[in-house]
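Each value in this text was obtained by applying a stated rule to the coordinates, not by laboratory testing. Just so you know, these numbers come straight off a predicted model, no measurement behind them. Cβ placement follows ideal geometry from the backbone for every residue including glycine, while neighbour counts extend to all protein chains displayed.
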Amino acid sequence: MKAIRVHEFGKPKVLRLEERPDLQPGRRQILIRVKAAGVNPVDTYIRAGTYAQKPKLPYTPGLDAAGVVEAVGEGIKGTSSGDRVYAAGTISGSYAEQALCKESQLHPLPSAVSYSQGAAIGVPYATAYRALLHCARAQRGESVLVHGASGGVGLAAVQLAHSLAMTVIGTAGSQEGLALVSQQGADHVLDHSRTGHLEEITALTSGRGVDVILEMLAHANLPQDLPALAVGGRLVVIGSRGSVEIDPRQLMLRDTSIIGMLLFNASERETANIHSALVAGLKKGTLRPVVGRELPLANTADAHEMIMRPPAYGKIVLIP
Ligand code: NAP
């Protein structure tokens, strides 16, 4: 089978397409035929060797995939060959024609959801769900600013918040991104490439501020976010690529909290709860992953360049 292999950490060119022996499922393992693999920013941090946890070299990158169960190992009861599934994590890496998974990493892919859409679920939707519901404890009818709404996590958050009847304000840095965020359920859109774009929050929330902020680029936005929060507001830091100085008085003035969130800290039980809610939303059609670009596996290096370069427009997926 074909797989992307990384033999040394570094720039995207270290992503090499290679021929590998076919995989066989061991005890309590499931083998899937990968139809699409999702590209996440974290894949690029791991490949560059800058992420806190580094895999042993050589390795096959990728956490997210969707495909069909090809074979099951001993001890597997609830999954059968031929099942359509999405993978939120794998044992062997998802940028490949085949991937080995634990049963807990696989979830049913409803028939109306394509394989490419399935590859867009794992990290982005679980992150958005955990940030919005478990960390910010968002309530029906509250308002949320999705600061960075045009990419994988942001669009998932917009759809989730919209399905909760929240007032959704989403930001993007391009006209195409703004139109997409609006089409996916945001009540208002703001251009984060414009200085002072958060000044409109006061008018959009009748002077209250927003109850929740989901922040994709905290080092760029945190000082401006804090005055945009309502009394009792919660800000969840999802992404940040540097450090930043804030005035703690901005927190005191409104009883607000800043909560850091890393998806990989979720327990197995929390993860299972998140995915059963996501599968329900996918079945109902309230969650509809947006795939912006599909690239062949041979172009993985281009996909890694693209995901780090704005503007975002939904999800980038690889087709083996
Ligand atoms: P993505 O698909 O590449 O999207 C990036 C998003 O950030 C786009 O909406 C982009 O908007 C936006 N952005 C760019 N400049 C911005 C600015 N100045 N202010 C606000 N937003 C800005 O990436 P993703 O998968 O959605 O992930 C988003 C971030 O969350 C990444 O940093 C990722 O590493 C992180 N993340 C963290 C976790 C966790 O567990 N904490 C999990 C998943 C992802 P435009 O391109 O339209 O400008």
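Things worth noting here:
- Listed values for the range 90-104 are Karplus-derived 3J(HN,Hα) couplings in whole Hz (6.51 cos²θ - 1.76 cosθ + 1.60, θ = phi - 60°), namely 9, 8, 9, x, 9, 7, 6, 6, 10, 9, 8, 9, 7, 4, 5, and x replaces Gly and Pro.
- Cα-Cα over 24 Å, subset of K2/K284; K77/K315; K13/K54; K35/K102; K13/K56; K283/K315: K2/K284; K77/K315
- Label point distance in nm, M1-Q183, each placed 7 Å from Cα along Cα→Cβ: 3.4
- Paramagnetic reach from S206 in the range 166-187 [backbone N under 19 Å; point 7 Å along Cα→Cβ]: 166-169, 187
- Lys, Arg +1 and Asp, Glu -1 on Cβ, resulting dipole of the chain about Cα centre, debye, nearest 20: 660
- Extension reserve of the R241-A165 stretch, reckoned as 0.36 nm per residue once the Cα distance is removed: 24.2 nm
- Antiparallel %, DSSP beta bridges [both residues in the range 124-264], to 5: 0
- Only the Cβ atoms of Lys and Arg (+1) and of Asp and Glu (-1) were treated as charged; on that basis the dipole of the range 124-264 about its Cα centre amounts to roughly 340 debye.
- Per-residue [θ]222 nm for the chain (sum of -39500 (n - 2.57) over DSSP H runs n ≥ 4, rounded to 500): -7000 deg cm²/dmol
- L251-E199 FRET efficiency (beta carbon distance; Förster radius 25 Å; 0.05 resolution): 0.80
- In sequence order, the range 110-116 has phi-based couplings of x, 4, 7, 9, 6, 4, 4 Hz under the Karplus curve 6.51 cos²θ - 1.76 cosθ + 1.60, θ = phi - 60°, and Gly or Pro positions carry x.
- Label-point separation in nm, E268 to Y45, each point 7 Å along Cα→Cβ: 2.5
- Summarising the label geometry, the points placed 7 Å from Cα in the beta-carbon direction at E19 and A280 lie 4.9 nm from one another.
- Note on the chain: dipole from Cβ charges, positive end direction compared against A66, H162, Q117; the farthest Cα belongs to A66.
- Antiparallel DSSP beta bridges within the chain, as percent of all bridges there, nearest 5: 55
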